[in-house]
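The values are calculated or read from the model by the stated rules, or taken from the named source; none is laboratory data. None of these values were measured; they are calculated from a predicted model. Cβ sites come from the backbone with ideal geometry, for glycine too, and all protein chains shown count toward neighbours.
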Amino acid sequence: MNLLILFFLGLCWGLSFTLSKIAMQAGGTPIGLTFWQSLTAGVLLLGYVYWRHSHFFVPRELYIPILIISLLSVVVPNIIFYSAASHLDAGILSISVSVIPLFTYCIALTLGLDSFKLGRSIGLLLGFLALITLTVPESSLPNKKDIPWVLLSLVCALCYALENIYIDTLKLKNFGPIRLVCCISIVSVVLTLPLTLATDQFFFPKISNPDLLFSALGLGLIGATAYSVFIFLIGRAGSVFASQTGYLVTFCGVLWGIILLGESHSIYVWISLFLIMAGIFLVQPRETKKEGPISNSVKR
């Protein structure tokens, strides 16, 4: 079951790289896309919550955690991500998420939340080696000026890794992943709307620009469904196992870029992708399932 969830997330989030590229080419802006993605996800999830529970109550002790998660999972990484999408191929951009498991595992080790295992460590390091293979050789990227954007995308990976650990350590009771993601989306809307206006990045998706309209809506739909499932997976299998989503997101992101955008890549990109896929077979979930805070929260 856990592996099926991983593949579902890989397909959904892998498509987000291609949709982001399409949206930016169609006139989208980084902060504006973040706003519309959050708004779409928030409206969809809020409607579901009211249909399921007929009310929506957020405990006061979750105000700060929700704000922190909103910054780590949506606002900061999405703005960077959409900015990089203007400069990098969807496939190249997707490979940057391969270091999320490495960051997650290192942070988990530092905090004593996970134990050292040689095989797992080798698998995670293969993800880092894949990044080196992608950026160092002269003929790896179409334009060597894009290397700073690849490196900047690592900030996204770091944010997601910190988010993985933070969610895994939260003590939530009777507050499931759908309601949590709904809150995150709403807070992200509140944070990004003034930013779009202050930076003149606000835009309104119109039917006359279908590429921008449907890609923005698609990103919101992915954010609503995939992120809710991802938080559920953290509670079910732990943050390190859930972070392996990054490997499948990378693989699917490259494939979606080839299928929908006709992208082609150098041999170094394919070597990098091979190293990433090798790593997923070495990184195993923790052996004992922790009845932690999130796992308790999703048992309704």
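Which one of these is farther than 14 Å from I186 by Cβ and out of contact with any strand residue (DSSP E or B) (no Cβ under 8 Å at 6 or more places or on another chain): L67, L11, L39, L44? Result of the check over L67, L11, L39, L44: L11. For the stretch 189-220, the set of residues classified as more than 12 Å from L45 (Cβ to Cβ) and small (G, A, S) consists of A198, S208, S215, A216, G218, listed by residue number. The one condition from (1) farther than 18 Å from V181 by Cβ; (2) surrounded by fewer than 24 Cβ atoms within 10 Å (Cβ to Cβ); (3) not hydroxyl-bearing (S, T, Y) that I5 does not meet is (1). Is one or more of the residues making up the stretch 38-51 crowded, with 17+ Cβ neighbours inside 10 Å, under 16 Å from the mean Cα position of the chain (by Cα) and among the aliphatic types (A, V, I, L, M)? Yes, that holds for at least one residue.
A search for C-beta distances below 6 Å between a residue of the stretch 113-129 that is part of a helix (DSSP H, G or I) and any residue that is crowded, with 16+ Cβ neighbours inside 10 Å and modelled with pLDDT of 75 or more, counting only pairs 6+ apart in sequence or on different chains, returns L124/Y105; L126/L275; L126/A278; L129/L275.
In this structure, does S228 turn out to be polar (S, T, N, Q) and either over 30 Å from Y48 (Cα atoms) or assigned to a helix (DSSP H, G or I) (or both)? It is true that S228 is polar (S, T, N, Q) and either over 30 Å from Y48 (Cα atoms) or assigned to a helix (DSSP H, G or I) (or both).
Considering the stretch 55-64, the residues that are surrounded by fewer than 16 Cβ atoms within 10 Å (Cβ to Cβ) and not charged (D, E, K, R) include one that is farthest from V190 (Cα to Cα), namely H55. Within the stretch 194-208, not a single residue is modelled with pLDDT under 95, surrounded by 22 or more Cβ atoms within 10 Å (Cβ to Cβ) and part of a helix (DSSP H, G or I). Checked across the stretch 50-58, the condition of being in a helix (DSSP H, G or I) and aliphatic (A, V, I, L, M) holds for no residue.
Return the residues of the stretch 253-292 that are of a type in the set (D, E, K, R) and either modelled with pLDDT of 75 or more or in a helix (DSSP H, G or I) (or both); say none if nothing qualifies. Within the stretch 253-292, E263 is the sole residue that qualifies.
Among the residues of the stretch 16-29, those that are surrounded by fewer than 24 Cβ atoms within 10 Å (Cβ to Cβ) and assigned to a helix (DSSP H, G or I) comprise I22, M24, Q25. Does T104 qualify as being buried (at least 24 other Cβ atoms within 10 Å of the Cβ), of a type in the set (S, T, Y) and over 18 Å from G253 (Cβ atoms)? Here the answer is yes, as T104 does meet what is asked.
Looking for something surrounded by fewer than 22 Cβ atoms within 10 Å (Cβ to Cβ) and either modelled with pLDDT under 90 or not in a helix (DSSP H, G or I) (or both) - is there at least one such residue anywhere in the stretch 77-87? Yes, there is a match, as at least one residue in the stretch 77-87 is surrounded by fewer than 22 Cβ atoms within 10 Å (Cβ to Cβ) and either modelled with pLDDT under 90 or not in a helix (DSSP H, G or I) (or both).
Residues in the stretch 182-225 that are farther than 22 Å from Y50 by Cβ and of a type in the set (G, A, S): A198, S208, S215, A216, G218.
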